[in-house]
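Let me begin by presenting the structure, written as structure tokens, before commenting on it.
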Amino acid sequence: MEIGGILAYMVSLAIMAGIYAIFCLGLNIQWGYTGLFNIGIAGFFCIGAYATAMITTPKPTGLYAHYVHQIFGLNLPFVMGLLGAALICGIVAFLIGIPTLRLGEDYLAISTIGIAETFRLIFNNEHWLANGPRGLMGLPQPFQGLVDPKHYNYIYLIIIVIIVVIVYLSIERAIRSPWGRVLRAIREDEVSAAMSGKDIFHFKMQSLVFGAMVMGIGGALYAHYTKAISPDVFTPLYGTFIIWVMLMAGGSGNNKGAVLGAYVIWFMWTGTTFMTNLLPYTLKARAPYIRFLLIMILLEIILIYRPRGLLGEEKKVSKLVD
Amino acid sequence: MAELFIYGIVLGSIISLGAIGLTLVYGIIRFANFAHGDFLTAGAYIALFMVTGVLSWIGIPDSNFGSLSFGWRMAIAFPFSMLAVGCVAIVLDRVLYRKLRRKASGAVIFAMSSLGAAFIIRMIIFILWGADSLFYRPGILRPALELPLGIKIRPDQILILLLVVFLITLLHFFLQNTKMGKAMRATADNMELALISGIDTERIIIWTWGIGGALAAAGGILYGIDVQLHPHMGWNFLIPLFAATILGSIGNMYGALIGGLTIGVAQQVSTAFLLPTYKPAVAFIIMILILLIRPQGIFGGRS
Amino acid sequence: MIILKTEDITAGYTEIDILHDVHIRVRSGEIVSVIGPNGAGKSTLLKTIFGILKPRNGNVTFRHEDITGLKPDRIVRKGISYVPQVDNVFPSLTIQENLEMGAFIRNDDYSQRLDEVYDLFPVLRERKKQKVGQLSGGQRQMVAMGRALMLDPQVLLLDEPSAGLAPVLVSMIFEKIKEINATGVAMIIVEQNARGALKMAHHGYVLAMGRNVLDDKGEALLANEEVARLYLGG
């Protein structure tokens, strides 16, 4: 591959890793700082992506409408898509939080799986809603007229980096506020008697919704990057577990770790494609499964031997530095 | 409608087998085993491997029992697969969960680890058998028996019900009347006191995994006989299993039985109005309703 | 003969020590009561003897054998049984099953022992098929003690057997403790009800802030003015 090709490839890797970094940051709010066990990230991924698709594309008209069914299309700008995606994910998280946040962690977990599966089923089966299994395409990309489409990814990478930084800084700010300290106290079960169950519920809810909104933005950014989405993208593996592996690897409760984990694992993940090229022909079709198997074994090893991840929790790091 | 109800009982009995194992593990080892659905898948595929592989190779005849869709090969493969998945569950405990127990990891780390195990099992199945739906015996369905009210039921389905009743009765006898069964219930009640009484709780944990895995395998094979095999079949069962467990109150085996039947019937009856692919969503909605109305379940002691 | 003793036990749940150099001796067949204010480390002492908590320093000797740091399931096989203060029964099991669990490690026929335990607590025999979760506090305490007795222990460790019981039940439980002791079982009883505990004790220990303060014969401690003022409520 010539230099330009390699560079373009690296940029596309960096964009996807950046999108995953946003998911990791969202999960970090929920799990890393509050101990909320969301294993239905794929659901918020899916909702965010579909939300922005319907907000930023026009409703199909004329002949086109015979082939693409879409319940509405607002044809609004990219930023509105991001905000809408965040808003809708926040609402869904709020609804799922009502029955589950007063109960044990496992209830939230299985309910979030339920949400992810249910939305995937709905988008797959309800053709009138968003074109069923064929999904939606033709999502607009911001500033797309500025450069040759061949080089558009550089612009999108800049957008991703800016949004990662914004999300990172706003989470850091929130976490260092008194609100963030309460979240950590909830996670550590160090809740003082002065706090009522009702207060704890509200704090958990805020964390769940905040995290889900960030995930919604991640889903929207993904949709505008690929310009086309369909329900089969948002599987538990690509939509949820790889993100957990990233956060666990990087260090939960540490935003730098969340971003680092996303990049390390995504580069490793794509790296394994080269490895599977070496497989005998008969196994090649099943290469993705072998790669996922390896990733899951990696997760188990992290859980047993390094549950705090590469960077560990920030508190500990700063203790060493002091 | 009556027919859907009967089919729901068949499906529900399969869900019950999984849910009982899940609830036992939940009650004794205290974590949500997200790999439980994939135990069903593993059981179904190990039986497939036996039926179409090993047993045909060593020359067990391929004939059917009467009007059932399977014969001696399945009769041998069935208990073998239960044993094998029981062992898989025990090995996972030795390799993963026991290490986490020793480090006193949080419940969520356990659940995460089981989720990893779920995908490890599923990926191995994908690698070995691919992503297509498979059958123990391809070809036409056996003729159905006509019952009153125009209910058509296949002989296989009657056998499924009988087998589930048999397995659950066996488990009931084991838990109520044997020393190990009583010690399992005691450990579920109060693990610390069990230790104080000299009960080797690690041995109890091994038994719990073995039984949970074996029952799940049975459920998976029966589903494979009734419908088909697919690497995702266990994942689609996961929400119904949890819904049944929560509905019947976590840790309560009899609750899981009732819960499983309820969920099965609800899922099957829903196909009168909804696409069959929405079955997991139906279980999910029921689960959310339970969590809203009575999170401790119908037999609710422990929350 | 001294059957059980602790020497210089130092132990705690976290880095903070709760017990400091605690020593206790139990002669065979003797009731030893340990009294002291809340937080004196009385329950911690029992947990340390029984191996639930590993001492940082010191040792526990049972019949000339060092049992320091052994796990509870090993210690129970040596002939020591322990009744925790709370969560000391299996609520969803029947009375009979609770007692059977007490005999879990026995592989011989223990029906005679079961009879003896039922003779000690006749009310349990009447309800042996009943789930323990449905019993009253006093009956639960009997089940808990019965479970611990199934192995015919030489030493019984009782953590606050009278806690939370109505006064009439307290004296009943204390009577039962004396009856059990009369069969030759030595005991360490940790009690808030210091007066009652000392009355039946052959020997008493006073702990405060995790340290030995005083020890003497039961009646001598009862007669001690300072003990009376500080620990027996005047």
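The numbers here are math on the coordinates, done by the rules we state, and not lab data. Here the structure is a predicted model, which is why all the values come from computation and not from measurement. No Cβ is skipped: glycine too gets one built from the backbone with ideal geometry, and neighbour counts run over all protein chains shown.
Label points 7 Å out from Cα along the Cβ direction at B:PHE173 and C:LYS131: separation in nm?
With each label point 7 Å from Cα toward Cβ, the separation is 2.4 nm.
As I understand it, the value is the acute angle between the Cα axis of helix C:137-149 and the longest principal axis of the Cα atoms of chain C; what does it come to in degrees, rounded to 10?
90 degrees
Compute the helix-to-body angle for B:107-129: its Cα long axis versus the longest principal axis of chain B, expressed 0 to 90° and rounded to tens.
Relative to chain B, helix B:107-129 is tipped by roughly 30 degrees.
Relative contact order (percent) for the stretch B:2-236, with alpha-carbon contacts under 8 angstrom and 6 or more residues of separation? The partial results should precede the final answer.
Working: 311 pairs, mean separation 100.7, N = 235.
With pairs under 8 Å counted, the relative contact order is 43 percent.
Given the -39500 (n - 2.57) contribution per DSSP H run of 4+ residues, what per-residue ellipticity at 222 nm results for chain A, rounded to the nearest 500 deg cm²/dmol? Numbers along the way, then the final one.
Numbers: 14 runs with 220 residues, N = 322.
Helix-only estimate at 222 nm: -22500 deg cm²/dmol.
I want to check the label-to-label distance for A:LYS256 and A:SER12. Put each point 7 Å from Cα in the C-beta direction and report it in nm to one decimal.
3.2 nm
Quick check for you: which residues of the stretch A:65-99 have the amide N under 12 Å from the point 7 Å beyond the Cα of A:MET137 toward its beta carbon?
Within reach of a label on A:MET137: A:68.
Roughly speaking, what % of Cα-Cα pairs in the protein assembly as shown are separated by over 51 Å, rounded to a whole number?
Numbers: 102718 of 368511 pairs.
Considering the protein assembly as shown, 28 percent of its Cα-Cα pairs are separated by more than 51 Å.
Calculate the FRET efficiency for C:LYS71 and B:SER56 from the Cβ-Cβ distance with a Förster distance of 35 Å, rounded to the nearest 0.05. Intermediate results must be reported in sequence, preceding the final value.
Details: r = 50 Å, r/R0 = 1.43.
Between C:LYS71 and B:SER56 the formula returns 0.10.
Using just the helices of chain C, give the 222 nm mean residue ellipticity in deg cm²/dmol: DSSP H runs with n ≥ 4 each add -39,500 (n - 2.57), and the total is spread over all residues, rounded to 500.
Working: 10 runs with 87 residues, N = 234.
Value at 222 nm, helices only: -10500 deg cm²/dmol.
Fewest Cβ neighbours within 10 Å first, please rank C:SER92, C:SER81 accordingly.
In order of increasing Cβ crowding within 10 Å: C:SER92, C:SER81.
Which three extents, in angstrom, do the Cα atoms of the stretch B:204-303 have along their principal axes, listed largest first?
Principal axes ranked by extent give 38, 33, 17 Å for the Cα atoms.
Taking a quarter of the surface of the Cα convex hull of chain C, what do you get in nm²? Don't skip to the answer; put the middle values down first.
Numbers: hull surface 49.0 nm².
Mean projected area for chain C: 12.3 nm², to one decimal.
Can you give the relative contact order of chain C as a percent, counting alpha carbon pairs under 8 Å and 6+ residues apart?
On the way: 461 pairs, mean separation 65.6, N = 234.
Computed over chain C, the figure is 28 percent.
Taking a cut-off of 22 Å between Cα atoms, list the lysines near A:LYS150, but don't count ones fewer than 8 places away on the same chain.
A:LYS227
For the stretch B:2-236, what does the convex hull of the Cα positions come to per residue, in cubic angstrom?
Working: hull volume 32.3 nm³, N = 235.
Residue-normalised Cα hull volume stands at 137 Å³.
How would you rank A:ARG134, B:ARG122, going from fewest to most other Cβ atoms within 10 Å of each one's own Cβ?
Values: A:ARG134 15, B:ARG122 26.
Ordered by Cβ neighbours within 10 Å, fewest first: A:ARG134, B:ARG122.
State which helices in chain A qualify, where a helix is a whole DSSP H run, it must extend 20 Å or more along its own axis by its Cα atoms, and its mean Kyte-Doolittle hydropathy must be at least 1.6. Could the numbers behind the result be given before it?
Details: long enough: A:3-27 (35 Å, 2.13); A:41-56 (23 Å, 1.70); A:78-100 (33 Å, 2.31); A:105-125 (30 Å, 0.42); A:152-176 (36 Å, 1.79); A:197-226 (43 Å, 0.57); A:255-276 (32 Å, 0.69); A:287-305 (27 Å, 2.12).
Going by DSSP H runs, the hits are A:3-27, A:41-56, A:78-100, A:152-176, A:287-305.
Restricting the calculation to Cα positions, tell me the Rg (one decimal) and the Dmax (whole number) of the stretch A:3-321 in Å.
Cα-based Rg and Dmax for the stretch A:3-321 come out at 19.9, 65 Å.
Given DSSP loops and a limit of at most 12 other Cβ atoms within 10 Å, what is the longest stretch of chain A that contains no such GluC sites (Glu not before Pro)?
A:3-187
Relative to the compact-globule scaling 2.2 N^0.38 Å, provide the ratio for the alpha-carbon radius of gyration of the stretch B:97-150. Intermediate results must be reported in sequence, preceding the final value.
On the way: Rg = 20.8 Å, N = 54, 2.2 N^0.38 = 10.0 Å.
Ratio of Cα Rg to 2.2 N^0.38 Å: 2.08.
With +1 on each Lys and Arg Cβ and -1 on each Asp and Glu Cβ, how big is the dipole of the protein assembly as shown about its Cα centre, in debye rounded to the nearest 20?
Working: 70 positive and 57 negative charges, 170 e Å.
Charge dipole, the protein assembly as shown, about its Cα centre: 820 debye, nearest 20.
If you fit an axis through the alpha-carbon atoms of helix B:2-29 and take the longest principal axis of the Cα set of chain B, what angle between them do you get, 0 to 90°, nearest 10?
It works out to around 20 degrees.
Can you give me the C-alpha center-to-center distance between the stretch B:198-257 and the stretch B:1-44, rounded to a whole angstrom?
The distance from the Cα centre of the stretch B:198-257 to that of the stretch B:1-44 comes to 4 Å.
Using r as the Cβ-Cβ distance of A:LEU279 and B:ASP132, and R0 as 22 Å, what FRET efficiency do you calculate, to the nearest 0.05? Present the calculation step by step, with values, prior to reporting the outcome.
Working: r = 20 Å, r/R0 = 0.91.
So, using R0 = 22 Å, E works out to roughly 0.65.
Might you report the magnitude of the Cβ-based charge dipole of the stretch A:1-131 about its Cα centre, with Lys and Arg at +1 and Asp and Glu at -1, to the nearest 20 debye? Present the calculation step by step, with values, prior to reporting the outcome.
Values: 3 positive and 5 negative charges, 51 e Å.
The calculation lands at about 240 debye.
Using Cα springs under 10 Å in a Gaussian network model of chain C, which residue among C:GLN139, C:GLN85, C:GLN112 shows the largest mean-square fluctuation?
Evaluated over chain C, the most mobile residue of the options is C:GLN112.
Residues with amide H under 5 Å of B:ARG137's amide H, sequence separation 5 or more or different chain, H placed in the peptide plane at 1.01 Å from N; which?
none
From largest to smallest, what semi-axes in whole angstrom does the stretch A:141-255 give when each is the square root of 5 times an eigenvalue of its alpha carbon gyration tensor?
Numbers: eigenvalues 240, 55, 32 Å².
Equivalent ellipsoid semi-axes, largest first: 35, 17, 13 Å.
If you wrap a convex hull around the alpha carbons of the stretch B:1-142, what volume per residue comes out, as a whole number of Å³?
Working: hull volume 20.3 nm³, N = 142.
Value for the stretch B:1-142: 143 Å³ per residue.
Apply the Karplus parameterisation 6.51 cos²θ - 1.76 cosθ + 1.60, with θ equal to phi minus 60°, to every residue of the stretch C:167-182 and state each ³J(HN,Hα) to the nearest whole Hz, in sequence, with x for glycine and proline.
Per residue, the Karplus-derived 3J(HN,Hα) values read x, 5, 6, 4, 5, 5, 4, 4, 4, 4, 4, 5, 4, 4, 4, 5 Hz.
Set Lys and Arg Cβ to +1 and Asp and Glu Cβ to -1, take the dipole of the stretch B:161-270 about its Cα centre, and tell me which of B:ILE204, B:THR187, B:GLN176 lies farthest positive.
Comparing the listed Cα positions along the dipole, B:GLN176 ranks first.
Relative contact order (percent) for the stretch A:3-321, with alpha-carbon contacts under 8 angstrom and 6 or more residues of separation? Can you show the working numbers first?
Working: 502 pairs, mean separation 100.6, N = 319.
It rounds to 32 percent for the stretch A:3-321.
Which one, B:GLY260, B:ILE151, B:PHE242, projects farthest toward the positive side of the charge dipole computed for chain B from Cβ point charges (K/R +1, D/E -1)?
Ranked along the dipole, the leading option is B:PHE242.
List the aspartates and glutamates whose Cα sits under 15 Å from the Cα of A:LYS204, skipping any in the same chain fewer than 8 residues away.
Within the straight-line limit of under 15 Å, A:LYS204 reaches these aspartates and glutamates: A:GLU105, A:ASP106, A:GLU188, A:ASP189, A:GLU190.
Expressed as a whole number of Å, what is the distance separating the alpha-carbon centroids of the stretch A:38-112 and the stretch C:188-229?
69 Å
How do B:PHE273, A:PHE72, B:PHE126 line up, fewest other C-beta atoms within 10 Å first?
Numbers: B:PHE273 8, A:PHE72 12, B:PHE126 19.
With the fewest neighbours first, B:PHE273, A:PHE72, B:PHE126 line up as B:PHE273, A:PHE72, B:PHE126.
Beyond a 28 Å Cα-Cα separation, which of these cross-linked pairs lie in this structure: C:LYS129/C:LYS199; C:LYS42/C:LYS176; A:LYS284/B:LYS103; C:LYS47/C:LYS178; B:LYS103/C:LYS5?
Details: C:LYS129/C:LYS199 35 Å; C:LYS42/C:LYS176 22 Å; A:LYS284/B:LYS103 39 Å; C:LYS47/C:LYS178 23 Å; B:LYS103/C:LYS5 32 Å.
The answer is C:LYS129/C:LYS199; A:LYS284/B:LYS103; B:LYS103/C:LYS5.
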